[in-house]
Amino acid sequence: MLGAGFVGKDGPMPDLARDLAAVVGETNVLVEPDLRAPFETDWTGRFHGPALMVVRPGATDEVAEVVRRAADEGVPIVVQGGNTGLVGGGVPAPGVAPLLLSTVRLTRLDQVDTAAGQLTVGAGVTLGRLQEAADRAGWTFPVDLAARDSATVGGMVATNAGGLKVVRYGPMRSQVLGVEAVLANGTVISRLGGLMKDNTGYDLSQLLVGSEGTLGIVTAVRIRLAPSQPEKVVALLGLPATADCVEVAAAMRRRVEGLEAAELFFQDGLDLVVRHAGLPAPMSREWPAYLLVECAGAADPSEGLFELLADLDLPEAATAVATDPAGRQRLWAYRERHTEAIASLGVPHKLDVSVPLDALADFERRVHGVVSGAAPAATLVLFGHIGDGNLHVNVVGPPDDNETVDDSVLRLVADMGGSISAEHGVGRAKARWLSLSRTESELAVMRAVKTALDPSGRFNPGVLLGDW
Ligand code: FAD
Ligand code: MLT
Ligand code: ZN
């Protein structure tokens, strides 16, 4: 017997919804427009499109059955985790009306294997819950980002998320020992055994890392944990120029043990955060550029950090330091709250790029001219992960569908030997420019892989490879 949820405002629901209700339960097939709405627009508000329905399977075999039944009907599938992605990959494109498969009910969280420092976790588990589970077991999960309470493990695998600690631990890819996933024909591959050594051919798990939902639906992941580093110090440095931040960060990478993060922001972004979040200014005067670093270890890493700062002898610099959790969090807020502060100005064009480290200061200087040339009235806010050569170029002002500024910035990045996507992925936002970062031979291989795994192009159409 079908409930009221199956009679949509636009009339009776498609047969597929009834079939899928038998698989995942009636309350997990959302067909009403107001129930679908939160899944149909991305975090930035720039990307949106209607879904035929939202389906929330609760187990891997349910995902496989949903995929098979959608395939029988020729219905494409868009996969969504926490919907914190910033390149429009997890929401439908206008005019496609796919089935939106939400992973939020895939919340398996196994016991930590304390001997191996590993655990198996469902794709829908949030980063925050994974970090808590690791902490409780005396380990740490070292990938960290400000969207930790919503971003899911599956989404982070699919985008190969980077975040705040790549400089020490690498991105999500480095923490993935194996993946379980449902392929487009409904078969399941499962590599959750946790073997540290396993040279038996193509690494299918790593192929799915960074595939942005175009090759398979990740349902569970075998995660590698890291030893916990309980003693931490955070320092915020005000410096005269971006080049100084690059130089100090490089010296720290070479000489300070336990450097976990090296982040960059500027006075305009700081002013915005202070205003938006109601925080006090961190320093008694303004600085052209700010470098935030965190070091962590089993023993207090402050001394090594202070020694280096003394050696560097930076007469024109100011430093704020914190070792206690509340103080560290206070300093981190100036960096972490940039994303929400920028979003408060309007719908941002978010251009996450990387350039060679020795070109970063020059890129920062040139991008101002490029943005003011392409969009004279726009607001530009830059910040990023300086340790990884990764800058976030945020432009607020141009209409959502005007790509002039995106085009100009991404071409500058390519001209300077950089990547059009450092850590957020390509999604729908940058598919048009993929050839700026990938050769035609590479694109041909990528298309061949896509064709082999998803010949009808039903998973995340338009994402990453465009209309390949
Ligand atoms: P979604 O947004 O739901 O999806 C993202 C992509 O992954 C889509 O293409 C989707 O189809 C695909 N996908 C999702 N789940 C699966 C699955 N189970 N199987 C296959 N494909 C799937 N990113 C960084 O890299 N570094 C940062 O520092 C960072 N900070 C952020 C801070 C804020 C405040 C916000 C809002 C975002 C930030 N992000 C950052 C971006 C975002 O959090 C990451 O991209 C994250 O990995 C997305 O996870 P999600 O579960 O929200 O995925
Ligand atoms: C960050 O580093 O905070 C994120 O990648 C989010 C963003 O780019 O806004
Ligand atoms: Zn980032």
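The values are calculated or read from the model by the stated rules, or taken from the named source; none is laboratory data. Just so we're clear, the structure is a prediction, and the values are computed from it rather than from any experiment. Cβ coordinates were reconstructed from backbone atoms using ideal geometry, including for glycine residues, and neighbour counts include every protein chain displayed.
With respect to Leu236, is the statement that it is over 29 Å from Val157 (Cα atoms), of a type in the set (A, V, I, L, M) and either out of contact with any Leu (no Cβ under 9 Å at 6 or more places or on another chain) or buried (at least 18 other Cβ atoms within 10 Å of the Cβ) (or both) true? So Leu236 fits the description; yes. Number of residues in the stretch 383-420 that are away from ligand 2 (no atom under 11 Å from the Cβ), under 20 Å from the mean Cα position of the chain (by Cα) and closer than 25 Å to Gly213 by Cα: the value is 5. Counting only residues that are polar (S, T, N, Q), assigned to a helix (DSSP H, G or I) and within 16 Å of ligand 1 (Cβ to nearest atom), the stretch 380-422 holds 0 of them. Just one of (1) more than 16 Å from ligand 3 (Cβ to nearest atom); (2) within 25 Å of Asn160 (Cα to Cα); (3) under 24 Å from the mean Cα position of the chain (by Cα); (4) not acidic (Asp, Glu) fails for Ala64. It is (3). Among the criteria (1) more than 16 Å from ligand 3 (Cβ to nearest atom); (2) polar (S, T, N, Q); (3) surrounded by fewer than 22 Cβ atoms within 10 Å (Cβ to Cβ); (4) within 22 Å of the chain's Cα centre (by Cα), the one Asn460 does not fulfil is (3). Screening Leu309, Leu314, Leu345 for residues that are touching a Ser or Thr at 6+ places or on another chain (Cβ under 8 Å) and at pLDDT below 95 leaves exactly one candidate, Leu309. Please determine whether any residue of the stretch 320-338 is more than 18 Å from Val273 (Cβ to Cβ), more than 16 Å from ligand 2 (Cβ to nearest atom) and among the β-branched types (Val, Ile, Thr). Yes; the residues of the stretch 320-338 include at least one that is more than 18 Å from Val273 (Cβ to Cβ), more than 16 Å from ligand 2 (Cβ to nearest atom) and among the β-branched types (Val, Ile, Thr). Could you say whether any residue in the stretch 115-132 is within 16 Å of ligand 3 (Cβ to nearest atom), within 18 Å of the chain's Cα centre (by Cα) and either surrounded by 22 or more Cβ atoms within 10 Å (Cβ to Cβ) or not polar (S, T, N, Q) (or both)? Looking for residues that are within 16 Å of ligand 3 (Cβ to nearest atom), within 18 Å of the chain's Cα centre (by Cα) and either surrounded by 22 or more Cβ atoms within 10 Å (Cβ to Cβ) or not polar (S, T, N, Q) (or both), one finds at least one in the stretch 115-132, hence yes.
When Arg136, Arg148 are screened for being among the basic types (Lys, Arg) and either closer than 18 Å to Arg191 by Cα or within 16 Å of ligand 2 (Cβ to nearest atom) (or both), only Arg148 passes. Scanning the stretch 151-183 for residues that are away from ligand 2 (no atom under 14 Å from the Cβ), crowded, with 23+ Cβ neighbours inside 10 Å and hydrophobic (A, V, I, L, M, F, W, C) returns Val153, Val157, Ala158, Val176, Val179, Ala181, Val182.
Of the helices (runs of 4 or more DSSP H) lying entirely inside the stretch 142-234, those carrying at least 2 residues that are in contact (Cβ under 8 Å) with a residue 60 or more places away in the chain and either near ligand 1 (Cβ under 10 Å from one of its atoms) or among the polar types (S, T, N, Q) (or both) are 153-159.
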